[in-house]
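> My structure is below; once you've seen it, I'll send some questions.
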Amino acid sequence: MVTGTSGATAAATAQGTDSLRVMVVDDSVVIRGLIGRWLEEEQGISVVGSHRNGKLAVDDVDRCEPDVIVLDIDMPEMDGMTALPLLIQKRRNVAIIMSSTLTQRNAEISLRALSLGASDYIPKPESNSEISTSASFRRDLTAKVKTLGARRRQRLGLAQPDFGSTNAAPGRPAAPAAPASARAPAAAATLPGQSGASAAISLRPYSSVRPRVLAIGSSTGGPQALQTVLKGISATVLRSVPIVITQHMPPTFTRILGEHITKATGVEAREGEHGEQVQAGRIYIAPGGQHMLIKSIGGTPTIELNDGPPVNFCKPAVDPMFESITATYGSAILGLILTGMGHDGAQGVKMIAGAGGSVVTQDEETSVVWGMPGAAAQTGMCSAVLPLDKIATTIETVLKGGRP
């Protein structure tokens, strides 16, 4: 691992010239050491800089040329929020992952950082001992670094790092094909910015039934995408149906996300509560750490919070929510998959399509990560794959009972 400014070139050479270049910025020497060691143990990653505050990182970023920066929020001399715009200004399109302990203040700051150009965030366990023993923190951090770094390289047309896996590229997993019995008449669509086997995506017609619910799944890049889409839909249409959202987020973050969406749209958005009846005109967000299902109780759509195990390594997860609403709303469902890592939601997309509903997904070019929407699109069960700025208009048209 490189500490300060010495040895960066040697480290990169040792891992290979196409290795993902990562800078770690944290005021704790223990945390810097742990994260640096974890990342260097991964094939295809080189830690090219390790700094105790934002000022040192800003001063060194031109020389290190990182693809990814793991940036702590609370640091002396220059904190992460002050350093964030300076790092982005100096290093075009760098992927910055904000790192902070799980407090209400830091959750608010992390979400604000996304609006200022950070790519993602990761909550740290409270103590150094918890961090050193947390397999999930290590796994999540490594996955975010690989996915966001590879995505940056792809957008700039640079060589991709070799992570030593034969699977799909990080953030772009292939979803298994839907069974033939679930397929509707489909048309092939060529998506912008794609080539090869992934260029042709089969699309199915929209449902002939007007939706009675809008169900959304999102992850990395989701908070900003959600606000962009929901702000683009008129308040009258937003209030015409209930909106249920599963965004991959830890506790505390989801409550604050609801506050941000409420301010952006003027429509009440908050965490769903167990046993709460689902009503038009409200936006329900799955609470961090719990799956949110929509069940029919006495003929009324009702929220059920589930503390079961993670699904697709996620809790809350999109698939359980999507699967649960099919039994409640049948063909009167409009689903939406926005930017995110992994393939959560792909199985639920098949369930919605199998029940006769419709699904729209975000396209690759405008996604921070085309994992979830890509996996959904590759099922052949979606009705449209659209850039972010076109989604709101389409959703509004469909919710009004029209067809784009």
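> Restricting to the stretch 317-369, and then to whatever is touching a residue at least 40 places away in the same chain (Cβ under 8 Å), hydrophobic (A, V, I, L, M, F, W, C) and in a loop (DSSP other than H, G, I, E, B), can you tell me which residue is farthest from THR142 (Cα to Cα)?
The extreme case among them is ALA332.
> Here is a list of conditions, (1) surrounded by fewer than 22 Cβ atoms within 10 Å (Cβ to Cβ); (2) assigned to a strand (DSSP E or B); (3) of a type in the set (Val, Ile, Thr), and THR393 meets all of them except one; can you say which number that is?
The one condition THR393 does not meet is (2).
> List pairs: first in the stretch 259-270 and polar (S, T, N, Q), second surrounded by fewer than 19 Cβ atoms within 10 Å (Cβ to Cβ) and in a helix (DSSP H, G or I), Cβ under 7 Å, 6+ apart or cross-chain?
THR265/LYS231; THR265/ALA235
> Then there's this: Quick test of your reading of the structure: VAL398 fulfils all but one of (1) at pLDDT 95 or above; (2) out of contact with any Leu (no Cβ under 7 Å at 6 or more places or on another chain); (3) surrounded by fewer than 24 Cβ atoms within 10 Å (Cβ to Cβ). Name the failing condition by number.
Every listed condition holds for VAL398 apart from (2).
> Another question, then. With the structure loaded, tell me whether GLY275 is over 24 Å from the mean Cα position of the chain (by Cα), assigned to a loop (DSSP other than H, G, I, E, B) and modelled with pLDDT of 95 or more or whether it fails that test.
Working: over 24 Å from the mean Cα position of the chain (by Cα): yes; assigned to a loop (DSSP other than H, G, I, E, B): yes; modelled with pLDDT of 95 or more: yes.
Spelling it out, GLY275 is indeed over 24 Å from the mean Cα position of the chain (by Cα), assigned to a loop (DSSP other than H, G, I, E, B) and modelled with pLDDT of 95 or more.
> Report whether or not GLU364 is among the charged types (D, E, K, R) and touching a Leu at 6+ places or on another chain (Cβ under 7 Å). Write out each step before concluding.
Details: among the charged types (D, E, K, R): yes; touching a Leu at 6+ places or on another chain (Cβ under 7 Å): yes.
In short, yes.
> Another question, then. Please determine whether any residue of the stretch 374-381 is closer than 23 Å to GLY258 by Cα and of a type outside the set (Val, Ile, Thr). Give the derivation first.
Step one: of the stretch 374-381, the residues closer than 23 Å to GLY258 by Cα are none.
No, every residue in the stretch 374-381 fails to be closer than 23 Å to GLY258 by Cα and of a type outside the set (Val, Ile, Thr).
> Scan the stretch 371-385 and tell me whether some residue there is modelled with pLDDT of 95 or more, aliphatic (A, V, I, L, M), part of a helix (DSSP H, G or I) and surrounded by fewer than 24 Cβ atoms within 10 Å (Cβ to Cβ).
Within the stretch 371-385 (the criterion being modelled with pLDDT of 95 or more, aliphatic (A, V, I, L, M), part of a helix (DSSP H, G or I) and surrounded by fewer than 24 Cβ atoms within 10 Å (Cβ to Cβ)), the answer is no, since none of the residues qualifies.
> So ASN93 clears everything in (1) surrounded by fewer than 17 Cβ atoms within 10 Å (Cβ to Cβ); (2) farther than 24 Å from THR252 by Cβ; (3) at pLDDT 95 or above except one condition, right? Which one?
(3)
> Every residue in the stretch 231-246 that is free of Cβ contacts under 8 Å to residues at least 40 places away in the same chain and in contact with a Pro (Cβ under 7 Å, 6 or more places away or on another chain), please.
Passing the criteria: none in range.
> Another question, if that's okay. So GLY117 clears everything in (1) surrounded by 19 or more Cβ atoms within 10 Å (Cβ to Cβ); (2) closer than 27 Å to GLU364 by Cβ except one condition, right? Which one?
(1)
> Scan the stretch 286-340 for residues that are surrounded by fewer than 20 Cβ atoms within 10 Å (Cβ to Cβ), closer than 24 Å to GLY380 by Cβ and among the hydrophobic types (A, V, I, L, M, F, W, C) and report the count.
The qualifying residues number 3.
> Any idea how many residues of the stretch 7-33 are at pLDDT 50 or above and either surrounded by 20 or more Cβ atoms within 10 Å (Cβ to Cβ) or not assigned by TED's automatic domain parsing to the domain that holds SER134 (or both)?
From the stretch 7-33, those at pLDDT 50 or above are 17-33; that's our starting set.
From what's left, either surrounded by 20 or more Cβ atoms within 10 Å (Cβ to Cβ) or not assigned by TED's automatic domain parsing to the domain that holds SER134 (or both): 19-26, 32.
Number of matching residues: 9.
> Just to be sure I understand, how many residues within the stretch 209-224 are closer than 26 Å to GLY356 by Cβ and either crowded, with 23+ Cβ neighbours inside 10 Å or not β-branched (Val, Ile, Thr) (or both)?
Looking only at that region, the number is 8.
> Something else now. Quick one: count up the residues across the stretch 117-148 that are part of a helix (DSSP H, G or I), closer than 20 Å to SER28 by Cβ, among the hydrophobic types (A, V, I, L, M, F, W, C) and under 14 Å from the mean Cα position of the chain (by Cα).
Within the stretch 117-148, residues that are part of a helix (DSSP H, G or I), closer than 20 Å to SER28 by Cβ, among the hydrophobic types (A, V, I, L, M, F, W, C) and under 14 Å from the mean Cα position of the chain (by Cα) number 2.
> So for the stretch 211-229 (the condition being at pLDDT below 95 and either under 18 Å from LEU334 (Cα atoms) or in a helix (DSSP H, G or I) (or both)), does at least one residue qualify?
no
> Being assigned to a loop (DSSP other than H, G, I, E, B) and either outside the structural domain of VAL349 (by TED's automatic domain parsing) or within 17 Å of GLY217 (Cβ to Cβ) (or both): is that true of PRO287 here? Steps first, answer last, please.
Working: assigned to a loop (DSSP other than H, G, I, E, B): yes; either outside the structural domain of VAL349 (by TED's automatic domain parsing) or within 17 Å of GLY217 (Cβ to Cβ) (or both): yes.
Judged against the criteria, PRO287 is a match.
> Here is a further query. Within the stretch 165-172, does at least one residue satisfy the condition of being modelled with pLDDT of 85 or more, surrounded by 15 or more Cβ atoms within 10 Å (Cβ to Cβ) and on the phi < 0 side of the Ramachandran plot? Explain how you work it out, then say what you get.
The first filter runs over the stretch 165-172 and keeps only residues modelled with pLDDT of 85 or more, leaving none.
Looking through the stretch 165-172, none of the residues is modelled with pLDDT of 85 or more, surrounded by 15 or more Cβ atoms within 10 Å (Cβ to Cβ) and on the phi < 0 side of the Ramachandran plot.
> Does the stretch 101-116 contain at least one residue that is assigned to a strand (DSSP E or B) and over 20 Å from VAL47 (Cβ atoms)? Before you say what the answer is, go through the steps one by one.
Just the residues of the stretch 101-116 that are assigned to a strand (DSSP E or B), to begin with: 101.
Going one step further and asking which of them are over 20 Å from VAL47 (Cβ atoms), we end up with 101.
The answer is yes; a qualifying residue exists.
The values are calculated or read from the model by the stated rules, or taken from the named source; none is laboratory data. The structure presented is a predicted model; accordingly, all values stated were derived computationally and were not measured. Backbone-built Cβ (ideal geometry, glycine too); neighbour counts: all protein chains shown.
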